[in-house]
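Reviewing the structure listed below.
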Amino acid sequence: MTGSLIDGVAIGKEIREEIKEGVTALKEKGCQPGLAVILVGDNQASRTYVKNKQKSTLEVGMKSELIELPATVTEEELLACVAKLNNDESINGILVQLPLPNHIDENLVIRAIAPAKDVDGFHPENVGKMIIGQQTFLSCTPYGIIELLERTGTEMSGKHAVIVGRSNIVGKPMGQLLLQRDATVTYCHSKTKDLATFTKQADILIVAIGRAKFITGEHVKAGAVVIDVGMNRDENGKLCGDVDFATAKEVASAITPVPGGVGPMTITMLLKNTLQSAEQACSQSL
Ligand code: GUN
């Protein structure tokens, strides 16, 4: 058996078209959504991610503001920059690109972002709301994965979802969102013993551990849906996921490729969150 491909580029495009329509409707009311991105230092990977975010923001008709700060910026200066954006009515979403230099407390910076503009969904207030199922901004990668599952007609209710990885950004919120959709959720991580025992039980297997081709076909149950969040370079310098695509696709019923699976969805959901924020701000201002 060869599983079908879950095409994040095509699904992302479909959602971006919907977002574009939402942006047009807001502009007709005199409200243009705006996203501000703060980039600290000159981490090359971060710069590439931020450039892609900016390009996509402009493509859907939103205002994009990039604030570049040197790696030597003080915590106080960065917090002042966030505070200014919190009070800027033309900005609906604020994203501070992570990681930050070591001398800056990331948690402090995340907490300084107004929860109503926290389109990353990282603020503890928004994380808390997400866990108790209240309307809020959802962390973009797990939110994008839910969209991939829903738009490919993947049943979640009653299914066993196994998540490999427990980061605050992906693994932990992913489990909560699947639980809300009535999946039975198992978390695995670097200290899990006999990992394959768990992954082989998964109807839906989500892998976010940051290790190239770590999960192979032998870890996958026949007919499972496999979602690969990884973004690594293999021994030849080629982009690859945390899943060994060649062997896993022979066992899975559906699988995301890398690139072109989860990646395009993350930016898409950032735009969706920014639109949601702008809609709320616009309805309050009218
Ligand atoms: N660095 C890597 N991924 C992300 C993300 O989703 N948001 C932010 N702010 N920084 C990141």
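Of all residues in segment 75-90, those that are without any contact (Cβ under 8 Å) to a residue 40 or more places away in the chain have Cβ atoms under 6 Å from Cβ atoms of residues that are surrounded by 13 or more Cβ atoms within 10 Å (Cβ to Cβ), 6 or more apart or on another chain, in Glu75/Ile104; Leu79/Ala112; Asn86/Ala114. Does segment 17-37 contain any residue that is more than 15 Å from the ligand (Cβ to nearest atom), at pLDDT 95 or above, closer than 15 Å to Cys140 by Cβ and assigned to a helix (DSSP H, G or I)? Yes; the residues of segment 17-37 include at least one that is more than 15 Å from the ligand (Cβ to nearest atom), at pLDDT 95 or above, closer than 15 Å to Cys140 by Cβ and assigned to a helix (DSSP H, G or I). Determine whether Thr266 is under 30 Å from Val119 (Cβ atoms), out of contact with any Lys or Arg (no Cβ under 8 Å at 6 or more places or on another chain) and assigned to a helix (DSSP H, G or I). Considered against the rule, which asks whether it is under 30 Å from Val119 (Cβ atoms), out of contact with any Lys or Arg (no Cβ under 8 Å at 6 or more places or on another chain) and assigned to a helix (DSSP H, G or I), Thr266 comes out as yes. For segment 275-286, filtered to residues that are farther than 16 Å from Asn87 by Cα and touching a residue at least 40 places away in the same chain (Cβ under 8 Å), the residue that is surrounded by the fewest Cβ atoms within 10 Å (Cβ to Cβ) is Leu286. If you take the residues in segment 148-171 that are among the charged types (D, E, K, R) and either free of Cβ contacts under 8 Å to residues at least 12 places away in the same chain or buried (at least 19 other Cβ atoms within 10 Å of the Cβ) (or both), which one is farthest from Ser4 (Cα to Cα)? Selected residue: Lys159. When Ser46, Ser4, Ser56 are checked against the criterion of being within 15 Å of the ligand (Cβ to nearest atom) and in contact (Cβ under 8 Å) with a residue 60 or more places away in the chain, a single residue qualifies: Ser56.
From the list Ile110, Ile145, Ile91, the one residue that fits, being part of a loop (DSSP other than H, G, I, E, B), of a type outside the set (Lys, Arg) and either in contact with a helix residue (DSSP H, G or I) (Cβ under 6 Å, 6 or more places away or on another chain) or buried (at least 19 other Cβ atoms within 10 Å of the Cβ) (or both), is Ile91. Residues in segment 113-141 that are assigned to a loop (DSSP other than H, G, I, E, B) and away from the ligand (no atom under 13 Å from the Cβ) were compared, and the one that is nearest to Leu270 (Cα to Cα) is Thr136. Take the residues in segment 62-84 that are among the aliphatic types (A, V, I, L, M) and assigned to a strand (DSSP E or B), then tell me which one is nearest to the chain's Cα centre (by Cα). Per the criteria, the residue is Leu66.
Suppose the filter is in contact with a strand residue (DSSP E or B) (Cβ under 8 Å, 6 or more places away or on another chain) and exposed (fewer than 14 other Cβ atoms within 10 Å of the Cβ); does Arg233 pass it? Judged against the criteria, Arg233 is a match. Candidates in segment 167-190 are the residues that are part of a loop (DSSP other than H, G, I, E, B) and within 16 Å of the ligand (Cβ to nearest atom); of these, the one that is nearest to Val225 (Cα to Cα) is Val170.
Would you confirm whether any residue within segment 214-224 is surrounded by fewer than 24 Cβ atoms within 10 Å (Cβ to Cβ), closer than 25 Å to Val127 by Cα and away from the ligand (no atom under 16 Å from the Cβ)? Within segment 214-224 (the criterion being surrounded by fewer than 24 Cβ atoms within 10 Å (Cβ to Cβ), closer than 25 Å to Val127 by Cα and away from the ligand (no atom under 16 Å from the Cβ)), the answer is no, since none of the residues qualifies.
The values are calculated or read from the model by the stated rules, or taken from the named source; none is laboratory data. Values in this document were obtained by computation on a predicted structure and should not be read as measured data. Cβ: placed from backbone, ideal geometry, glycine included. Neighbour counts: every protein chain shown.
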